[in-house]
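Undergrad: Here's a structure for you.
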């Protein structure tokens, strides 16, 4: 992109990208700490499935600390794996919350139509159906951070450059 502006040079672009990457990582950490605090305060650990986001967040925070301290390819790859797990956990969590709320609503009124059930489930406050979407957002934010690393793209170019070359 900056190749069209020779006066700016690639270092300006790289500096801006690195600054944005640090902000993204900071936002990720802030969100993770806030979310795990809320989950603990809400006792979101009473059933084994409820521990999934708490454990994933603890692992993610440990991997982020590792990555900040070492800043190597292994920590970056670990971050990619954990963030992919966040995306999966987000989808699975929405399904689990929907299912749990639907069971409760059906127990209250087994005669309701499918549309009434969906409407009640989506409006229910406990469990909040879309709350696990935060895990999905954190996963995507972490993946955006990881995949914007220039070392990642250099590795891709080194291993798969033959696919990227224009002839």
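Undergrad: Within the set of pairs 6+ apart or on separate chains, which have a first residue in the range 127-155 that is at negative phi and surrounded by fewer than 20 Cβ atoms within 10 Å (Cβ to Cβ), a second that is modelled with pLDDT of 95 or more and assigned to a loop (DSSP other than H, G, I, E, B), and C-beta atoms under 8 Å apart?
TA: The qualifying pairs do not exist here.
Undergrad: Among the candidates 60, 92, which residue alone is in a helix (DSSP H, G or I), within 21 Å of residue 147 (Cα to Cα) and under 14 Å from the mean Cα position of the chain (by Cα)? Lay out the reasoning, then the answer.
TA: Numbers: 92 fails: within 21 Å of residue 147 (Cα to Cα).
None of the other options fit; the residue is 60.
Undergrad: Being surrounded by fewer than 14 Cβ atoms within 10 Å (Cβ to Cβ), under 30 Å from residue 151 (Cα atoms) and either under 13 Å from the mean Cα position of the chain (by Cα) or at pLDDT below 90 (or both) is true for just one of 81, 87, 65. Which residue is that?
TA: Being surrounded by fewer than 14 Cβ atoms within 10 Å (Cβ to Cβ), under 30 Å from residue 151 (Cα atoms) and either under 13 Å from the mean Cα position of the chain (by Cα) or at pLDDT below 90 (or both) holds for just one of 81, 87, 65, which is 81.
Undergrad: If you don't mind, another one. Restricting to the range 95-126, name every residue that is outside any helix (DSSP H, G or I) and either in contact with a strand residue (DSSP E or B) (Cβ under 9 Å, 6 or more places away or on another chain) or surrounded by 13 or more Cβ atoms within 10 Å (Cβ to Cβ) (or both). It would help to see each step written out before you state the result.
TA: Kept after step one, since they are outside any helix (DSSP H, G or I), are these residues of the range 95-126: 109-113, 124-126.
Within the range 95-126, 112, 124 meet the criteria.
The values are calculated or read from the model by the stated rules, or taken from the named source; none is laboratory data. Note that the structure is predicted; figures quoted are calculated from it, not measured. Cβ coordinates were reconstructed from backbone atoms using ideal geometry, including for glycine residues, and neighbour counts include every protein chain displayed.
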